[in-house]
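The values are calculated or read from the model by the stated rules, or taken from the named source; none is laboratory data. Everything numeric here is computed off the predicted structure, so don't read it as measured data. Here the Cβ positions follow ideal geometry from the backbone for every residue, glycine too, while neighbour counts run over all protein chains shown. Accessible surface areas use protein heavy atoms only, side chains included; no ligands, DNA or RNA. Shrake-Rupley method; radii C 1.70, N 1.55, O 1.52, S 1.80 Å.
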Amino acid sequence: MALPSSAPAAAAEVMRFDRLFIGGEWVAPRSGRVIRSVDPSTEEVWAEVAEADAADVDDAVAAAQAALKGPWGRNTTPSRRGELLSRLAALMRRDADTLAEIESRDNGKPLRDTKGEVLRAADWITFFAGAADKINGEQIPFRPDALAYTRREPVGVVGAILPWNSPISLCSWKLGPALAAGNTIVLKPAEQTPASLLALARLVEEAGFPAGVVNVVPGYGAVAGAALVAHRGVAKVSFTGDHRTARKIMASAADTLKRCTFECGGKSPYIVFADADLDKALTVATHSAFRSTGQSCSAGSRIFVERPAYEAFAANLAGRAGRIRIGMPLDPRTHIGPQTSAEQREKTERYIALGREAGGRALAGGGRPAALPRGYFVEPTVFVDVANTDQLAREEVFGPVAVVIPFDDEEEAIALANDTDYGLVGGLWTSDVTRAHRVAQRIEAGLVSVNTFRPVHHMLPYGGFKMSGIGRENGLEVLKEYTEVKTIVVELASGAPADPFAD
Ligand code: NAD
């Protein structure tokens, strides 16, 4: 795949993604500024990426509005929208290696993860390609002498604001349904990972979408992000990121009464009853706490284990955490890479210190791997002797840190699980089928699983209770978030209407 500018001859050479994608053109940012993207495994700048500011966001929104009023809104049938999305998905599969490598350089995730994420993102786009011509309204039997029906119309221009942990994957969650439903979109990737969505834009161009349907404007949150949220031409903001940012967005969007959906963080409970298949529960717990270096909103970071199984489970989890291979993202043997930024590593280390100050013991990890002096690496860390009320157990770390906490009975497990401000994901392990349903129904989270964990999939609605967010992504459910319902009533009676002023 041709990258936005030529690939470097030597690894140390800085790549250039020096154009924004606006209105189907590759344009220089009006300010001429670039974001210098740091490879978190080397701490060196690996790419310079065009930086959008408010003026570029204006251009992008204008292009998206023009596409909506023009070729996309008026001349593109839903089936054609589906065809274009299918084509994009095929191109993503074709270029999965390149896209994955860009993402790994930007955010430090191992290639095995980023390649999987790109392929799954293509599945997401394929799913919504199939949905594009099945977004129907309803006919309502309102009265015999009237025809009443609803239409599901696009909301308009969508401003999509993305975090740094999985840019391509999370972009597909928004781009797929937004375009399937007939909207146009302006994508703002995070400043830490600005490059991969510009590479994706190349494929949007090659797929043949009309100009302005998809626009990509990397930039800083307080500048490009804030401009997108405040823009009068943006009808809806779809945000994934921190709940503190969501608060600011909600306040700013109030001015224009924009539709907003928020996918925020989590501190997800992972409940293990003593009657569960403990070996399976252990394998999945290790994966769910440490994959992507814990930089996952759905990480199972609070692990509650029934007392009889507690000690062995914590010790085995620590053993498995110690065997995870930490390494360079482009090495195919690497299990987990560094944290994406120096700030994120600092945050993780702050929580590790807080855990210790509160009397917690790290059974595994707790420091930086000695063999990797450069790069923002942190060891997978398993804490015990942490109370569910301690800061380490209450707040999202977004790093490779799990706490293991014992419980004595079902009621206590449910109370501990729900004693959190978050409510994104939850899960339990048991061989008792009635308990499985009983507990699943009482966990306050948008996605609850039994004997598996966070089965995040394009077919399954996903989103948060409480401070984990507002609205849902994925599944056909998300299409409601990208459409306005219009009710149309046609009078069929031929007689004169009642005239209250006739007497
Ligand atoms: P963040 O909120 O700092 O940044 C997210 C995005 O918001 C970035 O693009 C940033 O530039 C932008 N932004 C920042 N300030 C803004 C403002 N004032 N106006 C508009 N945009 C602004 O979050 P992050 O650190 O990039 O991501 C980590 C967070 O994302 C974690 O809390 C994680 O749990 C959450 N997350 C949630 C999901 C989910 O699906 N629920 C998925 C991945 C990540």
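Worth pointing out:
- The residue of segment 330-360 that is nearest to Ala289 (Cα to Cα), among those that are open to solvent by 40 Å² or more (accessible area, probe 1.4 Å) and not in a helix (DSSP H, G or I), is His335.
- Taken as a whole, the condition of being part of a helix (DSSP H, G or I), open to solvent by 30 Å² or more (accessible area, probe 1.4 Å), within 9 Å of the ligand (Cβ to nearest atom) and not charged (D, E, K, R) applies to Val223.
- All positions within segment 366-376 that are of a type outside the set (Gly, Ala, Ser), in contact (Cβ under 8 Å) with a residue 24 or more places away in the chain and surrounded by 15 or more Cβ atoms within 10 Å (Cβ to Cβ): Pro369, Leu372, Tyr376
- Among residues of segment 166-192 being in a loop (DSSP other than H, G, I, E, B) and either open to solvent by less than 10 Å² (accessible area, probe 1.4 Å) or within 15 Å of Glu481 (Cα to Cα) (or both), the one that is nearest to the ligand (Cβ to nearest atom) is Ala190.
- Within segment 237-260, tally of residues that are surrounded by fewer than 23 Cβ atoms within 10 Å (Cβ to Cβ) and more than 9 Å from the ligand (Cβ to nearest atom): 11
- Restricting the search to strands (runs of 3 or more DSSP E) fully inside segment 259-329 and requiring at least 1 residues that are under 18 Å from Gly365 (Cα atoms) gives 302-306.
- Close pairs from segment 232-243: first over 16 Å from Cys171 (Cα atoms), partner open to solvent by 30 Å² or more (accessible area, probe 1.4 Å), Cβ under 6 Å, at least 6 apart: Arg232/Thr256; Gly233/Gln65; His243/Met467
- Against the numbered list (1) out of contact with any Ser or Thr (no Cβ under 6 Å at 6 or more places or on another chain); (2) buried (at least 24 other Cβ atoms within 10 Å of the Cβ); (3) of a type outside the set (Val, Ile, Thr); (4) outside any loop (DSSP other than H, G, I, E, B), Leu363 comes up short only at (2).
- Within segment 139-165, the residues that satisfy the criterion of being within 16 Å of the ligand (Cβ to nearest atom) and either within 17 Å of the chain's Cα centre (by Cα) or among the small types (Gly, Ala, Ser) (or both) are Val158, Gly159, Ala160, Ile161, Leu162, Pro163, Trp164, Asn165.
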